[in-house]
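Throughout, read-outs are computed from the coordinates displayed, never taken from laboratory work. Predicted model, so just to flag it, every value in this text is computed and none were measured. When we count neighbours, we look across all protein chains shown, and the Cβ atoms used for this are built from the backbone with ideal geometry, even at glycine.
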Amino acid sequence: MKFIGLVLKSARRSKRRTLLTVMSVAIAVFLFASLRAVLDGFNAATEASSSTRIVTLRSTSLFFSMPTSHAEGIKSTPGVQDITWANWFGGVYKDPQNFFAQFAIEPESYLRLYPEIELTPEDRKAFLDDRTGCIVGDGLAKRFGFKVGDKVTLQVGIPIYGTRDFDFNVRGIYKSGGAAVDNQSMFFHWKYADERSIQPGQIGWFIAQISNPDEATQVATAIDQKFANSPNETKTDTEKQFQATFVSMFGNLNLLLGSIALAVVITTLFVAGNTMAMSVRERTTEIAVMRTLGFPSSTIFLLIAGEGLMMAIVGGILGVGFARLIVTPDLMQAGAFIPVFGVNNTNAVTALLLSAGIGIFAGLIPATMASRLKIVDALRRVA
Amino acid sequence: MSIDVPEGEYLGLMGPSGSGKSTLLNLLAGIDRPTRGSIRIGDTQTSSLSERALAGWRARNVGFIFQLYNLIPVLTAFENVELPLLLTNLSKKQRRDHVMTALGIVALTDREKHYPRQLSGGQEQRVAIARAIVTDPMLLLADEPTGDLDAKSASEVLTLLQRLNKEYKKTIIMVTHDPHAAERATRVLHLEKGTLVEQVDRGPERPALQV
């Protein structure tokens, strides 16, 4: 404890350098925690996926649709209890920058299959009864100030829906009851969109409720076999695999974000290490004096390493603090793709440990240099 | 070279550059190692101690005064003097008492909160002397302690060293180029090229502290 004052005083020797070192660690930790939050968000959605829901898409891609006639074929497959469907709408609310996800759904069955969409019974009824009604997540409502009864106009984003704007009545604001559903989306009646589509009767994806999760693979195979060799072949996966496929559309996120985080951390390690080595070089005489006064090499090592560790941990706390403040679905507007978006406790602790790791490794060489200093040579260098 | 320094002696080491006086001082302080021969200080054969043991021995038994004071610039006078005490088991209050006593001896209690840059050269050297004596070591080693001071400050520092020798019975070994400084010592050794060429004795006989 009595050496902490000494460490603090040493760190304050060059305030600007200490501040820059702390900030470089803070930025590295912030980036690490933020990137980790993106991956955690995607993984949380995947992990929270229902094991009793399977998703059927066109085998070619998510971007191709299927005829409504597939519904009967899927529903009649043994093991399937219920089905629903949805289309990606891709509309624009006032400005393309106001992006959020909009889904044209078969409302009754969709709400049945997705109990995670939590609505009051009144809102649910109002939504089901209004062909041009829509429901929005509470996060989205907060973002744009939507209230029940508001009129929301979306410009058409995908040419298949013509050129005329779509008007919707906000009939309910839902809460997300699980990571499988975000609170930043808008749902409306599939029929409303379909009746103005230039290619009516097209479905983006079907969701089937199955009775036994253990039979998911067999049921999926049975569905796909039904449509094999047809013009609209399908690919059915569990919801978890579907989520993973959705994430993979962004590329290998784990590798990409992991590489960025690693590069940032390694760069910071070098910067902090170099700064500390400079600091030790400048203090050569002081260290020699302390050794002359009787400070053992091990104490000198701990003092220098402790200084690095302290700066890195302060940077880590700042970085994690900023990340927790800034990386939120509301501020980052990422809820449409990442339902659970934020720096969770595990991420925060990992980031803090990382900062401590940066401090330890950055301080290792300078601390070794300092502790191995030959007193007489170091004193002679200045004298 | 073989020399004995009696306990309580004030020994001056003189000689031209390269004569080995600073090397001898460093060997005595245990911050340099002899390639041959042995050094015994009091009951301890310091030349055979390990690095760690030597550091501990230094902390307990030696006070070192540098030509350029070598105070830590980010620490106050108080903190600089307290530095060697951080290696002891003394409580904060005990450390404070020791520091204030040492600063009192060098007449700088009113400068305890000053940083080295706020002190004159003479004051800095007195703080350095306080740091050297705060652990109450038996041996004070001074490497040209007045080499960077004006005549007045140098005289004050030399008087202080003399007082530490006479009043507090400290054994002092001082390297100097300055004949006036050497006059304060009770015995002066003249070295040349690593050998003892002359010895001038000014003081009374004392019990031997074998070096």
Please identify the helices of chain A, taking whole runs of DSSP H, that span at least 30 Å along their own axis as judged from the Cα atoms and have a mean Kyte-Doolittle score of 0.0 or higher. A:15-47, A:253-282, A:297-326, A:345-371
Expressed in nm to one decimal, what extension gain is obtained for the pair residue A:112 and residue A:94 from 0.36 nm per residue of sequence separation less their Cα-Cα distance? 3.3 nm
What ³J(HN,Hα) values, in whole Hz, does the Karplus curve 6.51 cos²θ - 1.76 cosθ + 1.60 give for segment B:40-57 when θ = phi - 60°, with x put for Gly and Pro? 10, 10, x, 9, 10, 7, 5, 5, 10, 7, 6, 3, 5, 5, 5, 4, x, 5
Filtering chymotrypsin sites (Phe, Trp or Tyr not before Pro) in segment A:1-87 by DSSP loop and by at most 16 other Cβ atoms within 10 Å leaves A:3, A:63, A:64
Here the whole-number average of other chain Cβ atoms within 10 Å per Cβ of B:26-38 is 2
Karplus couplings for segment B:7-24 from phi (6.51 cos²θ - 1.76 cosθ + 1.60, θ = phi - 60°), rounded to Hz, Gly and Pro as x? 4, x, 7, 10, 9, x, 10, 10, x, x, 4, x, 7, x, 5, 5, 4, 4
5 Å is the cut-off here: which amide hydrogens, built 1.01 Å from N in the peptide plane, fall below it relative to residue B:19, excluding neighbours closer than 5 in sequence? B:193
Taking H placed 1.01 Å from N in the peptide plane, check which residues at least 5 places from residue A:174 or on another chain put their amide H under 5 Å from its amide H. A:136, A:137, A:138
Give me the Kirkwood hydrodynamic radius of segment A:47-163, using the inverse of the mean 1/r over all pairs of distinct Cα atoms, in Å to one decimal. 16.4 Å
Of the residues B:89, B:100, B:116, the Cα lying farthest along the dipole of segment B:5-209 towards its positive end, which is defined by charges on the beta carbon of Lys, Arg, Asp and Glu, belongs to B:89
Show me the trypsin sites (Lys or Arg not before Pro) within segment B:107-192 that DSSP assigns to loop and that have at most 15 other Cβ atoms within 10 Å of their Cβ. B:113, B:169
Within chain A, what's the longest run with no trypsin sites (Lys or Arg not before Pro) in a DSSP loop and at most 15 other beta-carbon atoms within 10 Å? Give the range, please. A:197-371
Please list, in order along segment B:150-167, the HN-Hα scalar couplings obtained from phi with the Karplus expression 6.51 cos²θ - 1.76 cosθ + 1.60 (θ = phi - 60°), rounded to whole Hz, x for Gly and Pro. 6, 4, 5, 5, 4, 5, 4, 5, 5, 5, 4, 4, 4, 5, 4, 6, 7, 7
Please identify the GluC sites (Glu not before Pro) of segment B:110-211 that satisfy two criteria: DSSP loop assignment and at most 14 other Cβ atoms within 10 Å. Which are they? B:167, B:205
Give me the angle, in degrees from 0 to 90, between the Cα long axis of helix B:121-133 and the longest principal axis of the Cα atoms of chain B, rounded to the nearest 10. 80 degrees
Set the bar at 23 Å for Cα to Cα. Now go through B:113/B:166; A:125/A:191; A:75/A:191 and name every pair that lies beyond it. B:113/B:166
Taking B:190, B:98, B:177 and counting other C-beta atoms within 10 Å, the order from fewest to most: B:177, B:190, B:98
Could you tell me, in Å, what Rg and Dmax come out for the Cα atoms of segment B:130-190? 11.0, 30
Can you sort B:105, A:4 from fewest to most other Cβ atoms within 10 Å of each residue's own Cβ? A:4, B:105
Amide H to amide H under 5 Å from residue B:64: which residues, 5+ apart in sequence or cross-chain, H placed 1.01 Å off N in plane? B:141
Those aspartates and glutamates that a straight Cα-Cα span of less than 16 Å connects to residue A:175, excepting residues fewer than 8 apart in one chain: A:116, A:118, A:122, A:123, A:138, A:330
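Quick one: if you take sqrt(5λ) for each eigenvalue of the C-alpha gyration tensor of segment A:99-220, what semi-axes come out, biggest first, whole angstrom?
24, 20, 13
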What number results when the radius of gyration of segment B:5-209, computed over Cα atoms, is divided by 2.2 N^0.38 Å? 0.99
For residue B:96 paired with residue A:20, estimate the spin-label separation in nm (one decimal), with each label point 7 Å from Cα along the Cα-to-Cβ line. 3.9 nm
For segment B:86-190: Kirkwood Rh in Å [reciprocal of mean 1/r, alpha carbons]: 14.5 Å
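Ranking A:276, A:310 by Cβ neighbours within 10 Å, fewest first, what do you get?
On the way: A:276 27, A:310 20.
With the sparsest Cβ surroundings first, the list reads A:310, A:276.
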Who wins for biggest fluctuation among A:343, A:264, A:38 in a Gaussian network model of chain A, springs between alpha carbons below 10 Å? A:264
Given the protein assembly as shown reduced to its alpha-carbon atoms as identical point scatterers, what log10 I(q)/I(0) does the Debye formula return at q = 0.11 Å⁻¹? -0.98
